[in-house]
Amino acid sequence: MKLRLSIVAVLCAVVAAPAATLTPVARADDSPTIYYLSLGDSLAAGTNATGVGVAYTDMGYADQLYSALAADEPKLKLVKLGCPGESTTSMRFGSQYPTVVLSCATPRGYKDLYPKGTQLAEAVSFLQAHKGKVALVTIDVGANDLQRFDAQGNLVICLLEPAGCATQTATMVENLTAILSDLRAAAGPDVSIVGMSYYDVFAPLCVSDPSLLFVCSRVDAINGSLVDTYSGAGDPVADVAGAFESDNLVSAAAHVCAWTWFCSYGDVHPNTAGYGVVAQAFEQVVQ
């Protein structure tokens, strides 16, 4: 698929689910760099792409998507702001108490990572400073909203808890709605902002132990809330859940084992091939 930037504005979509384009940027042939801005959590950062314990790599989905796009647009530059552990709450407000929800870093760490205070504030500042020069924004966030640590330091995942994730989901939707609104206000109406659904990393467990099927049902519900929130903001969604065939748990389990480190090391992050699948899901909506 040939991807290119044009100085001709893209006409409005007529389908129910919005499609994305690399935003047309009016420029001369000798004009400066244009940008792809990647936001989100550890997946956006590319954590563990080349092996468990590798904090950051250049083979994450943002990197692989960038490589595909840059083949047709050599002046495109990738700016990655994603950070492992980021939740929608911490993306908006910075470091949180770990007994409430996960964060990317300590308060001091956020100051080091994001001079503007938070990932969202940093993104908004970048978009405002580069008006007319940003071709694409991608974002994945929400999975860490479902996790916290208890007083003993044990990880608690609401997907596995009797109470479920209703409270966490409501907070996630509220925060993501505000995040997308702030990004749109800073980017302007024509910049493509593309979200994503998550693959169901618990699929192998649901297949091996049917008593855990409720967990995978909850993952489906979370993805539904994410898709609805992105769509409500007018932003298209990369169907990563679909790419992993999450509607067929046997197939999804096989994909999770092949494309992530979960079955071999218990790590939820994709390997290089898995990040490639995520990148392709984004590429399919960046026409």
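Scanning the stretch 207-229 for residues that are buried (at least 18 other Cβ atoms within 10 Å of the Cβ) and over 19 Å from C165 (Cα atoms) yields one hit, V207. Quickly run through the stretch 158-175 and pick out the residues that are open to solvent by 20 Å² or more (accessible area, probe 1.4 Å), touching a residue at least 12 places away in the same chain (Cβ under 8 Å) and of a type in the set (A, V, I, L, M, F, W, C). Correct list: L160, V173. Considered as a group, the residues in the stretch 29-48 that are touching a strand residue (DSSP E or B) at 6+ places or on another chain (Cβ under 7 Å) and assigned to a loop (DSSP other than H, G, I, E, B) include one that is modelled with the lowest pLDDT, and that residue is T33. Within the stretch 199-224, being touching a residue at least 60 places away in the same chain (Cβ under 8 Å) and out of contact with any Cys (no Cβ under 7 Å at 6 or more places or on another chain) holds for Y199, V201, V219.
Within the stretch 72-89, restricting attention to residues that are in contact (Cβ under 8 Å) with a residue 40 or more places away in the chain and out of contact with any helix residue (DSSP H, G or I) (no Cβ under 8 Å at 6 or more places or on another chain), the residue that is most open to solvent (accessible area, probe 1.4 Å) is K77. Just one of the listed residues (A233, A178, A186, A238) is closer than 19 Å to H269 by Cα, of a type outside the set (D, E) and surrounded by 14 or more Cβ atoms within 10 Å (Cβ to Cβ), namely A238.
Look at the stretch 93-105: where a residue is among the β-branched types (V, I, T) and a partner is open to solvent by 30 Å² or more (accessible area, probe 1.4 Å), sitting 6+ places away or on another chain with Cβ atoms under 7 Å, you get T99/R148; T99/F149; T99/D150; T99/A151; V100/R148; V101/R148. Selection of the stretch 116-138 for residues being of a type in the set (S, T, Y) and either more than 17 Å from the chain's Cα centre (by Cα) or open to solvent by less than 10 Å² (accessible area, probe 1.4 Å) (or both) yields S125, T138.
I'm trying to understand the selection: among the residues of the stretch 44-56, which are within 17 Å of A273 (Cβ to Cβ) and either out of contact with any Gly (no Cβ under 7 Å at 6 or more places or on another chain) or open to solvent by 20 Å² or more (accessible area, probe 1.4 Å) (or both)? It would help to see each step written out before you state the result.
Residues of the stretch 44-56 that are within 17 Å of A273 (Cβ to Cβ), as a first pass: 46-52, 54.
Of everything in the stretch 44-56, those that are within 17 Å of A273 (Cβ to Cβ) and either out of contact with any Gly (no Cβ under 7 Å at 6 or more places or on another chain) or open to solvent by 20 Å² or more (accessible area, probe 1.4 Å) (or both) turn out to be T47, N48, T50, G51, V52, V54.
When L155 is tested against (1) hydrophobic (A, V, I, L, M, F, W, C); (2) within 28 Å of W261 (Cβ to Cβ); (3) surrounded by 14 or more Cβ atoms within 10 Å (Cβ to Cβ), exactly one condition is not met: (3). If you go through the stretch 241-264 one residue at a time, do you hit one that is of a type in the set (D, E) and touching a strand residue (DSSP E or B) at 6+ places or on another chain (Cβ under 8 Å)? Looking for residues that are of a type in the set (D, E) and touching a strand residue (DSSP E or B) at 6+ places or on another chain (Cβ under 8 Å), one finds none in the stretch 241-264, hence no. Residues that are loosely packed, with under 15 Cβ neighbours inside 10 Å and farther than 15 Å from A281 by Cβ within the stretch 244-256 comprise N248, V250, S251, listed in sequence order. Regarding the stretch 57-70, can at least one residue be identified that is over 25 Å from C263 (Cα atoms), touching a helix residue (DSSP H, G or I) at 6+ places or on another chain (Cβ under 7 Å) and either assigned to a helix (DSSP H, G or I) or not charged (D, E, K, R) (or both)? Yes, the conditions are met somewhere in the stretch 57-70.
The values are calculated or read from the model by the stated rules, or taken from the named source; none is laboratory data. Since the model is a prediction, treat every value here as computed from it, not as a measurement. As a convention, Cβ positions derive from the backbone with ideal geometry for all residues, glycine included, and neighbour counts pool all protein chains shown. Heads up: the accessible areas ignore ligands, DNA and RNA and are worked out on the full protein's heavy atoms, side chains in. Shrake-Rupley method; radii C 1.70, N 1.55, O 1.52, S 1.80 Å.
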